[in-house]
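Asks: Below is a structure I'd like to ask you about.
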């Protein structure tokens, strides 16, 4: 038993329970939220230093040896994702200190926040497909309630779409699990990887590829992949901005994590078909996402479409399927989650000041808040991929991997889409920050932008924006780490042996 | 027996998808419930149906002797049933709140109202 692996699950659970016990005091709940998120971040950092020496930590829950019990395993990729979870959780918890209204706090905002984090951490540490399903459901039910909490009409309509499509994804996932168990008699990911690596008989190949497609559809819905993304732009702009920011940073990335895990460890028997299809969908995801964004004038809807477009880049690295491209995907995931969350938080800060998300009604923010403007520019230019910010190195890695393997079309798409990304980031800049305010008599409340509320908002935005700058300036060590994780993913034997060696 | 269950599963999927395509919110939820029932029965069928002995190690033995029924799929299904129960309860509550705020359970009425 390695207690360290359990911490990313145990800490949010304990925090959630603690906030339940303190339900009478909103102030205590808020600070417990921040403390719990900090503890999660600390645990993730310790885990990352443990696995940075290329070890894979494995724990058998209940001491049932693999492949019979549930395995928790943390390799470098999982550890990086956990670190990302910690960072986003902490930044958003600071942001939500003074921005969540009393009703939402009374009806369980802080509890759900941590149960959601528990689900996210659980998916990152588990080594068992059915357990992955259970963690998915934990995070889904929390996200359902967080999305609908407050009960505004727009929220209800967004939540209906979100709930329906995610429940369909779960049903597909469950069916695929059952059929996989029927064929191989195991759901341990390492065991499945081992069996499939030993070679499939010709009559098994067809069904296994079909199951791979079912998994792709199920995780694709959660990741907002090309034909399956419609729930996202219809729901992400409806809840309070702290919730949007948390979702944009973590939830689609969980889908991408599951896709990467399954298509590097288990379904690698026919990469010519499955991974080429992924590459194809990646290109379409990028294009549709960015084109959808161009037409939007609600800041959060615009950013939601960009989430989809960025998912395309993450899938591109998986589709190229080499150590370098997977490393770029991992680096890109960290970069895009941080930058995207920062941008959502900026939209929240603008809303806090001006009371609207509509770009046509916004304006003059550079004049009122030059600091916030700089922070926005850092995150926006990082997202578009300008050097020396983090997005540049993430895209450089992907483009180089694509060129090295001769996939020129997807490289051209990736570069074109980043140009359009830059265009729509500049649209936000021009509309919200640069142009004059459309009507001056509207309330520009100097009061609203003062005090400790504003300070906490700025701290959370600044920490994320500066982090993207640091990730760009210090890209070398960060990319080293991602390369290590990519190499581990391309060599699934390491994972399989670690799980087996963990058997006492 | 497999054939009968396969037809039932197929029928449930067909009915579920038909219900999902209806405009009424309540029918949508019934469709989702059908889909999860279909998935549960699918696991049950895919994991082999046999009328073997229960998976209990006989006294004096060290391991199970074949044939025995595999208990794992039933554990999986039980977990999935519990989860879908909770999720369906939430979805029903959500549908009720939506009905209260929109004043209709027609999904077309909800289109394009949000900004």
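The values are calculated or read from the model by the stated rules, or taken from the named source; none is laboratory data. Note that the structure is predicted; figures quoted are calculated from it, not measured. Cβ atoms come from the backbone with ideal geometry, glycine included; neighbour counts cover every protein chain shown.
Asks: Would you check if residue A:233 is touching a helix residue (DSSP H, G or I) at 6+ places or on another chain (Cβ under 7 Å), at pLDDT below 90 and part of a helix (DSSP H, G or I)?
Replies: Yes.
Asks: Could you list, in sequence order, the residues of region B:41-71 that are within 8 Å of another protein chain (Cβ to nearest Cβ) and surrounded by fewer than 10 Cβ atoms within 10 Å (Cβ to Cβ)?
Replies: none
Asks: Looking at this structure, is residue B:16 without any contact (Cβ under 8 Å) to a residue 60 or more places away in the chain and within 9 Å of chain A (Cβ to nearest Cβ)?
Replies: Here the answer is yes, as residue B:16 does meet what is asked.
Asks: For region B:65-96, which residues satisfy the criterion of being over 30 Å from residue A:154 (Cβ atoms) and in a helix (DSSP H, G or I)?
Replies: Result: B:72, B:73, B:74, B:75, B:76, B:77, B:78, B:79, B:80, B:81, B:82.
Asks: What is the number of the single condition among (1) touching a residue at least 12 places away in the same chain (Cβ under 8 Å); (2) under 24 Å from residue A:206 (Cα atoms); (3) assigned to a helix (DSSP H, G or I) that residue A:334 does not meet?
Replies: All conditions pass for residue A:334, except number (2).
Asks: Something else about it: Mind listing whichever residues of region A:1-26 are over 27 Å from residue A:494 (Cα atoms) and either in contact with a strand residue (DSSP E or B) (Cβ under 8 Å, 6 or more places away or on another chain) or not in a helix (DSSP H, G or I) (or both)?
Replies: Selection gives A:22, A:23, A:24, A:25.
Each row is one residue, and each column tells you yes or no for (1) at pLDDT 90 or above; (2) over 22 Å from residue A:465 (Cα atoms); (3) within 26 Å of the chain's Cα centre (by Cα); (4) not in a helix (DSSP H, G or I).
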site	(1), (2), (3), (4)
A:371	no, no, no, no
A:374	yes, no, yes, no
A:381	yes, no, yes, no
A:401	yes, yes, yes, no
A:415	yes, yes, yes, no
A:433	no, no, no, no
A:447	no, yes, no, yes
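Asks: Now for a separate question. Condition check: under 25 Å from residue A:176 (Cα atoms) and at the interface with chain A (Cβ under 7 Å from one of its Cβ atoms). Does residue B:77 satisfy that?
Replies: Criteria not met by residue B:77.
Asks: Which of (1) more than 11 Å from every other protein chain (Cβ to nearest Cβ); (2) surrounded by 14 or more Cβ atoms within 10 Å (Cβ to Cβ); (3) touching a residue at least 12 places away in the same chain (Cβ under 8 Å) is the odd one out, the single condition residue B:28 does not satisfy?
Replies: Result: residue B:28 fails condition (1) only.
Asks: Out of the residues in region A:27-69 meeting the condition of being within 23 Å of residue A:84 (Cβ to Cβ) and touching a strand residue (DSSP E or B) at 6+ places or on another chain (Cβ under 8 Å), tell me which one is surrounded by the fewest Cβ atoms within 10 Å (Cβ to Cβ).
Replies: Looking at the filtered set, the residue picked out is A:50.
Asks: Can I ask one more? What's the number of the only condition in (1) closer than 24 Å to residue A:499 by Cβ; (2) facing chain B (nearest Cβ under 9 Å); (3) buried (at least 19 other Cβ atoms within 10 Å of the Cβ) that residue A:172 fails to meet?
Replies: For residue A:172, the exception is condition (1).
Asks: Assess whether residue A:367 counts as being crowded, with 20+ Cβ neighbours inside 10 Å and outside any loop (DSSP other than H, G, I, E, B). Working first, answer last.
Replies: Details: crowded, with 20+ Cβ neighbours inside 10 Å: no; outside any loop (DSSP other than H, G, I, E, B): yes.
For residue A:367, the condition - crowded, with 20+ Cβ neighbours inside 10 Å and outside any loop (DSSP other than H, G, I, E, B) - is not met.
Asks: Being at the interface with chain A (Cβ under 10 Å from one of its Cβ atoms) and part of a helix (DSSP H, G or I) is the filter here; which residues of region B:97-115 pass it?
Replies: Once the filter is applied, which keeps residues that are at the interface with chain A (Cβ under 10 Å from one of its Cβ atoms) and part of a helix (DSSP H, G or I), region B:97-115 yields B:97, B:98, B:99, B:100, B:101, B:102, B:107, B:109, B:110.
Asks: Separate question: Which count do you get for residues in region A:182-198 that are within 14 Å of chain B (Cβ to nearest Cβ) and out of contact with any strand residue (DSSP E or B) (no Cβ under 7 Å at 6 or more places or on another chain)?
Replies: 6
Asks: List the helices (runs of 4 or more DSSP H) inside region A:68-163, counting only whole elements, that have at least 2 residues being within 30 Å of residue B:110 (Cα to Cα) and within 11 Å of chain B (Cβ to nearest Cβ).
Replies: Hits in region A:68-163: A:129-148.
Asks: I would also like to ask the following. Among the residues of region B:31-40, is any within 18 Å of residue A:158 (Cα to Cα) and surrounded by 12 or more Cβ atoms within 10 Å (Cβ to Cβ)?
Replies: yes
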